[in-house]
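The values are calculated or read from the model by the stated rules, or taken from the named source; none is laboratory data. Treat the numbers as computed from the prediction; the structure is a model and nothing was measured. For neighbour counting, all protein chains shown are included, and Cβ atoms are generated from backbone atoms with ideal geometry for every residue, glycine included.
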Amino acid sequence: MIFCRQPETRALLLSSYDLGYATSGQYVYFIQDTASQYPSSVLRTNDSSRDQDFLKSLGHALWPFVDKWRSENENFTTEVVQRSATDFNYFYNQSEVSPYVSCYYDAVMMFATVLNETLYEEGNQMNGTALTHKMWNRTFPGVNVPVRINQRGYRESDLTFAFYNMSTGVLTPALIWKYDTDTVDLEVSVTLPWPYNFGVRPVDVPVCGFSNEYCSSKPLSGTVTGVIAGFLGSVSLAGVLVTAFLFRAWKKQYEKDLWWWRIHSTELSSTSVSAESSFYFKSSLKSLACSTLTEVTSDSSNFSIWKGQLVRLRKLPVKYVHVTRLCLTEFKMLRELNHTNILLVHGACLEDNLKVLVTEPCSKGSLEDLVGSTDVVLDTHFKFSLCTDVINGLCYIHDSPIKCHGRLTSEVCLIDNRFSVKLADYGLPTLYSGCHVDVTSQEYKHGRSSE
């Protein structure tokens, strides 16, 4: 019994075809879908290369429908398409209408009928139990056929089983269960072709049972047993070798992913940036003098060429860096961050002669430089935009595995060429813990975030 939507049904039948079950003639598939009509809707897929295999797998498939094969249903479907276009301006063809729309229509009309009766009798319209009991043991007019509800509240309706006709390409009714007041009759309208297993219908239980419990196997000879044991031993040895090779490759790739950030000093080419160039914002002396994370020197932040692109070098004032497993994990978290208001980190160079973070460049300096500049007029809208950028960057960091910035000052709020704020020096607490922090600086005392 397959009860799912179109893509999953197609995938299940194709898998059954690949395993040989669909064409063995031993199985029957009952397919139920409440949202579409089969099999034309299942054939509407991007992978048309396996349509023939899918059609072959429908040889022993049956579709159960409730009162589907009635002309009234087709007329109702046509009216649904027309009313959808005129009343709701929604257009779709007749094949896209679910065959169960008529059932929903019947349900609404039944409820409306008993509700009107309750209102006429001045009954309690809020009593759902009473409304439901008024539907029992009576018949209501329906779209296809009258809807019969028995004395226990169950609907009695005809059930049609259809099969996919290979010659016509359409669903054809074959078996119809007809209900009347006392008995259930089976009407055979078309003999099922059963295209596989020489036209013989599948038996209820396989000859050997579902788990081969009815078929006894003969003991194998010593020669056959030895051959099988040797074959299994060879396969096991090959499996061990392949597993070892794959594990080694996985471990190598895992280590490579952990060390993704490592940049050698030979990959960085020196470059010079003109102080008069409008492309770079001239850093203020105050920003350099009040640095809390880098050396107090005029070249504490400079630029270089890495892989043909301009990058910013953030020098770290430490003599020795011991890269631990925790530090590698922090770098891995850094790699997964991507936001327009945080500075992109390309990697780091932690060699003896050079210890820097390699990041994207920001041409307008820091927020401290921008606020202290007399060349830039900061109106209210501009200030609000800068504050919004800082908040957006912090919100992203707080929602990320890093959780908090921890070193937020106006100096680490960098400005790019679009005058957007990008937060720098986030993450990597293990690496930054070894950096010198000037706790006496005004930047440290008054410029830190309250986070």
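The lone criterion from (1) within 42 Å of the chain's Cα centre (by Cα); (2) not in a loop (DSSP other than H, G, I, E, B) left unmet by PHE91 is number (2). Of the residues making up the stretch 57-92, those that are within 26 Å of MET166 (Cα to Cα), surrounded by fewer than 16 Cβ atoms within 10 Å (Cβ to Cβ) and modelled with pLDDT of 80 or more number 1.
If you go through the stretch 14-50 and pick out every residue that is part of a helix (DSSP H, G or I) and either modelled with pLDDT under 75 or exposed (fewer than 14 other Cβ atoms within 10 Å of the Cβ) (or both), you end up with 8. Number of residues in the stretch 413-435 that are buried (at least 20 other Cβ atoms within 10 Å of the Cβ), in contact with a His (Cβ under 9 Å, 6 or more places away or on another chain) and either modelled with pLDDT under 90 or on the phi > 0 side of the Ramachandran plot (or both) equals 2. Determine whether GLN253 is at pLDDT below 90, more than 28 Å from CYS387 (Cα to Cα), exposed (fewer than 14 other Cβ atoms within 10 Å of the Cβ) and not assigned by TED's automatic domain parsing to the domain that holds GLU411. In short, yes. Any chance the stretch 282-303 includes a residue that's surrounded by 11 or more Cβ atoms within 10 Å (Cβ to Cβ) and modelled with pLDDT of 65 or more? Within the stretch 282-303, one or more residues are surrounded by 11 or more Cβ atoms within 10 Å (Cβ to Cβ) and modelled with pLDDT of 65 or more. Evaluated against (1) under 26 Å from SER270 (Cα atoms); (2) outside any loop (DSSP other than H, G, I, E, B), GLY393 falls short on exactly one condition, (1).
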